[in-house]
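Novice: So that we are looking at the same thing, I have put the structure below in structure tokens.
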Amino acid sequence: MENWSFSKIEATKGCRILYEKKYIQKLPPDTTVPEYEEAKKIHEEIQTNFIKRQVDYPILNPYMSNIIAVEKAYRHYFKEQDIEFVAYADVVLETEVSRVILDIKCRYNSNINEKDRLQLLTYLALANQERPVAQNKIGIIVPYNQFMPVTLIDIEEPPPVDLILEEIEKAKRRIPRMTVKTSECAYCEYKRSCDYGLKEIDNNDMQAIAEKYLYLKAQVDLYEEILRKHIELTNQKIRVGDKEIGFFERAYTKVDVPEFIMLCQDNDVPYLDAVKIDTVKAKQLAKKYDILTQAMDKEIKYVFTTKKIGED
Ligand code: SF4
């Protein structure tokens, strides 16, 4: 029997080595990714708050007296294909006649994108197969966005479970064409054992250099994290030749701004050159007092960095 999940389907769009390690060799992760650890913590906190019915999402108020389930498992066995599909919905709010399926996304953007929609529809297809109800909604919770933390959409007609089978078939067709994607190394749970990026490359091949750069950057982050954790735990610096790695004291000068300005004014000291405006706070003030926007402009700088395609 084959086992599939939504994350396995999505993994067929990513790095071939990662897919093989995780879903074919079924190896346990060889490293932790701090961002995933943080996301896991946030998921658990929000789910606990739902269980205690202590969430403050006004848009969900009409459903908070519903039955609340977290990590709700949905399974479906496709007999003919001998495939089992398993899904775990983060939060489900149900009554006899209605259902809201929510997924927690650790990001700011509150729009339900195509990937979110497909994921939630697969969950809804399974839920509807198990127990159809009259009203169905899917939604996401984006805890980093305080202004719009929940987005909900109505689904008039939940899809049939065949939708899942179609997605699995598409995923299977993608597998033979999968390539290694070092753009994923930063968030890869197998980067410790992966030696793909260690191979020699042609220094004139800029594509190969860019790929290796991303791989090595992720390796450096991994080792920095390991060293940081060890040093935090043992409180001991690590010596390598004439270098020491650890936490070193660095003094930062703090200025009490109102006090500083008052002293300057009282003593006739010209101070404007020494004052640096906090851009975030200035923008907030400008929202309140429009006239201030006259003192604002934009400066475009070009920085060498790595950017995810699709980011603003
Ligand atoms: S470290 Fe990078 S190349 Fe290696 S498996 Fe992970 S994503 Fe793929």
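Novice: Residues with beta-carbon under 14 Å from that of TYR271, excluding TYR271: net charge, scoring Lys, Arg +1 and Asp, Glu -1?
Specialist: Value of the local net charge: -4.
Novice: Calculate, for LYS41 and ASP278, the FRET efficiency according to 1/(1 + (r/R0)^6) with r their C-beta to C-beta distance and R0 25 Å; round to the nearest 0.05.
Specialist: FRET efficiency, LYS41 to ASP278: 0.25.
Novice: If the reach is capped at under 16 angstrom between alpha carbons, list the aspartates and glutamates near LYS181, excluding any in the same chain fewer than eight residues apart.
Specialist: GLU10, GLU20, GLU189, ASP195, GLU211
Novice: Rounded, prolate or oblate: which fits region 2-176, taking a ≥ b ≥ c as square roots of the Cα gyration tensor eigenvalues, rounded meaning a/c under 1.5, else prolate when a/b beats b/c?
Specialist: oblate
Novice: Which percentage, to the nearest 5, of the DSSP beta bridges contained in the chain is antiparallel?
Specialist: The answer is about 70 percent antiparallel.
Novice: Highest mean first, how do 138-150, 73-85, 198-210 rank when packing is the count of other Cβ atoms within 10 Å averaged over residues? The partial results should precede the final answer.
Specialist: Numbers: 138-150: 17.2, 73-85: 13.8, 198-210: 10.5.
Going by the mean number of other Cβ atoms within 10 Å, highest first, we get 138-150, 73-85, 198-210.
Novice: Continuing with the same structure: Exceeding 29 Å between C-alpha atoms, which entries from my cross-link table qualify? They are LYS41/LYS308; LYS137/LYS287; LYS40/LYS301; LYS52/LYS191; LYS191/LYS229.
Specialist: From LYS41/LYS308; LYS137/LYS287; LYS40/LYS301; LYS52/LYS191; LYS191/LYS229, over 29 Å: LYS137/LYS287; LYS40/LYS301; LYS52/LYS191.
Novice: Is the chain best put as rounded, prolate or oblate by its Cα gyration tensor, with a ≥ b ≥ c the root eigenvalues, rounded for a/c under 1.5, and otherwise prolate when a/b is larger than b/c, oblate when not?
Specialist: Oblate, since a/c reaches 1.5 and b/c is not below a/b.
Novice: As a test, work out the antiparallel percent of DSSP beta bridges whose residues both lie in region 2-176, rounded to the nearest 5.
Specialist: 65 percent
Novice: Taking the Cα-to-Cβ direction at LYS237 and at THR305 and moving 7 Å from each Cα, how far apart do the two end points lie in nm?
Specialist: That separation, rounded to one decimal, is 3.1 nm.
Novice: Would you calculate the separation in nanometres between label points at TYR213 and MET296, each defined as 7 Å from the Cα along the Cα-to-beta-carbon direction?
Specialist: 3.3 nm
Novice: Suppose only helical runs count, i.e. DSSP H with n ≥ 4. What mean residue ellipticity at 222 nm does that imply for the chain under -39500 (n - 2.57) per run, divided by all residues and rounded to the nearest 500 deg cm²/dmol?
Specialist: Helix-only estimate at 222 nm: -11000 deg cm²/dmol.
None of the figures in this text is laboratory data; all of them are computed from the coordinates on show. Keep in mind that what you see is a predicted model, and the values were worked out from it rather than measured. A quick note on method: Cβ atoms are made from the backbone with ideal geometry, for glycine too, and the neighbour counts reach across all protein chains shown.
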